[in-house]
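Encoded as structure tokens, the structure appears first; notes follow it.
The values are calculated or read from the model by the stated rules, or taken from the named source; none is laboratory data. None of these values were measured; they are calculated from a predicted model. Methodologically, a virtual Cβ is constructed for each residue, glycine included, from the backbone with ideal geometry; neighbour enumeration extends over all protein chains shown. Side chains included, ligands, DNA and RNA excluded: accessible areas come from the protein's heavy atoms. Shrake-Rupley method; radii C 1.70, N 1.55, O 1.52, S 1.80 Å.
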Amino acid sequence: MRGDTYTSLFDENVRIGPTDNPGLALPKPPRQYGSSSPEPSSGNRRYGQPGQRLTSCIDATTTAVPDSDSWNPGAVLSSGNTNLILATSAAGVSTCLLHAGHAEFQPYLTMQAYTQVPLTLPMPKVDGRTVIGGLLPPDVRRMTLTFADKTTVTPDTDENTFAAFLPPGADPTPASITCELVGNSEQILYSGPLT
């Protein structure tokens, strides 16, 4: 017989699983906005014109695109032979700008993949035109932007992203622009300023 002794540091049993008194109070995990993984999930851009545009844009870049297979196409704007494609993944949102066969991919404008209100992100200009775009909450069917002069614009929306050209002379400050988000059942999801 050995002379080793063991002293428990707990006064009660610790149980794992749903009980009324698990014996140990654990903090709730923080809200997850994105994820990072050594093996990001594959994007699904094999079908449709937006997917082909994003693939062409990524293929035309001269610098490495992070997690290049994980991106899906979001909102798209076109002017002449220039395409701006918002790209989404489980880890965040980015843009790919393709002009005359040359492309620029901006890695991770945000590491956020979810928002409760419309969130504007920095957008490149397209053929000298100012773009407003960003991230939308889930289940938005339609978005309308209203500017200070009461001009309205309906942005392209896809994969929880939006993008639109600003009307000439419009104030690009998000707080000066109001928006309305309409859901799949034609219900108003949000009505207020952009953030």
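Do any trypsin sites (Lys or Arg not before Pro) in the stretch 41-116 lie in a DSSP loop with no more than 13 other beta carbon atoms within 10 Å, and if so, which? Present the calculation step by step, with values, prior to reporting the outcome.
Numbers: sites: 45, 46, 53; in loops: 45, 46.
Qualifying residues, ordered by number: 46.
So how do 165, 147 rank on accessible area, 1.4 Å probe, biggest first, that is with the largest at the start? Can you show the working numbers first?
Working: 165 35, 147 10 Å².
From most accessible down to least: 165, 147.
Counting other Cβ atoms within 10 Å, which GluC sites (Glu not before Pro) in the stretch 127-195 have at most 11 and lie in a DSSP loop?
Details: sites: 159, 180, 186; in loops: 159, 186.
Listed in order of number, the matching sites are 186.
Only protein heavy atoms count here; under a 1.4 Å probe, residue 127 has an accessible surface of about 80 Å².
On average, how much accessible surface per residue is there in the stretch 90-195, in Å², for a 1.4 Å probe, leaving out ligands, DNA and RNA? Can you show the working numbers first?
Numbers: 5170 Å² over 106 residues.
Result: 49 Å² per residue.
Sparsely packed loop sites in the stretch 110-143 (the trypsin sites (Lys or Arg not before Pro) outside DSSP H, G, I, E and B with at most 14 other Cβ atoms within 10 Å) comprise 125.
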